[in-house]
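Just below is one structure, and these are the notes that go with it.
Each reported figure results from applying straightforward, stated rules to the coordinates on display, with no laboratory input. As the structure is a prediction and not an experimental result, all values here were calculated from the model. Cβ placement follows ideal geometry from the backbone for every residue including glycine, while neighbour counts extend to all protein chains displayed.
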Amino acid sequence: MDYRIGQGFDVHALQEGLPMWLGGIRIDSPTGFVAHSDGDVAIHALCDALLGALALGDIGQHFPDSSDEFKGIDSKVLLARVMAMVREQGYELANADITIALQAPKIGARVPEMREALASVLAVPVSAVSVKATTTERLGFVGRGEGCEVWAIALLRRSCLWRPLDDNR
Ligand code: MG
């Protein structure tokens with residue numbers, strides 16, 4: 001099989017006084033994400049999309065939030081590890097598309113930096129990484145400013161280093 005596709009979804013609650021990390025960059029915000037890691041909900045969704053494409057489980061299985069090893073960890077480290085797993089299986093990222101739903105602060109102007117940061121960690125061209133930001137028009141928990149939702153999709157293509165996926169993993 002030459003191509004594999006995966007989707008990822010994640011939600012984190014917002015709390016005042018926490019640092020906000022999103023899409024691999026620090027966002028100036030009075031609120032940040034409640035999490036065991038740095039709470040980068042966009043990276044978590046992207047990790048799940050990459051893992052999902054190869055049926056490698058999910059981020060919680062690989063980096064359990066019960067483990068001290070991952071307490072406060074920079075999610076970019078997790079993303080780099082996931083991308084290494086993808087390459088180990090003989091696949092390369094064709095492209096990823098991420099949609100972030102956040103009411104405030106407005107993050108649209110920071111999207112280019114997020115794409116740069118994510119592409120750098122993934123070691124792919126910036127053109128392979130799309131980030132889109134939306135509000136939910138003040139509807140639902142996102143609209144009330146209680147949290148952030150992110151959807152990600154990733155398409156992988158078989159690389160020249162491909163070997164068959166291990167069905168017993
Ligand atoms: Mg998460």
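I'd like the trypsin sites (Lys or Arg not before Pro) in region 42-150 restricted to DSSP loop residues with at most 15 other Cβ atoms within 10 Å, sorted by number.
Working: sites: LYS71, LYS76, ARG81, ARG87, LYS106, ARG110, ARG115, LYS132, ARG138, ARG144; in loops: LYS71, LYS106, ARG138, ARG144.
Passing sites in region 42-150 are LYS71, LYS106, ARG138, ARG144.
Our note on the geometry: Cα centres of region 1-76 and region 132-151, 17 Å apart.
Using only Cα atoms, what is the ratio of the radius of gyration of region 43-101 to 2.2 N^0.38 Å?
1.12
Cβ under 9 Å from TYR3's Cβ, TYR3 left aside: what net charge do those residues give with Lys, Arg +1 and Asp, Glu -1?
Charge balance in the 9 Å sphere: +2.
With respect to the chain, whose longest principal axis is taken over its alpha-carbon atoms, helix 41-53 is tilted by about 20°. Projecting the Cα atoms of VAL129, GLY57, SER37 onto the charge dipole of the chain, computed from C-beta unit charges around the Cα centre, puts VAL129 farthest toward the positive end. Distance distribution P(r), region 74-159, all Cα-Cα pairs, bin width 10 angstrom from 0: 17, 43, 28, 11, 1 percent.
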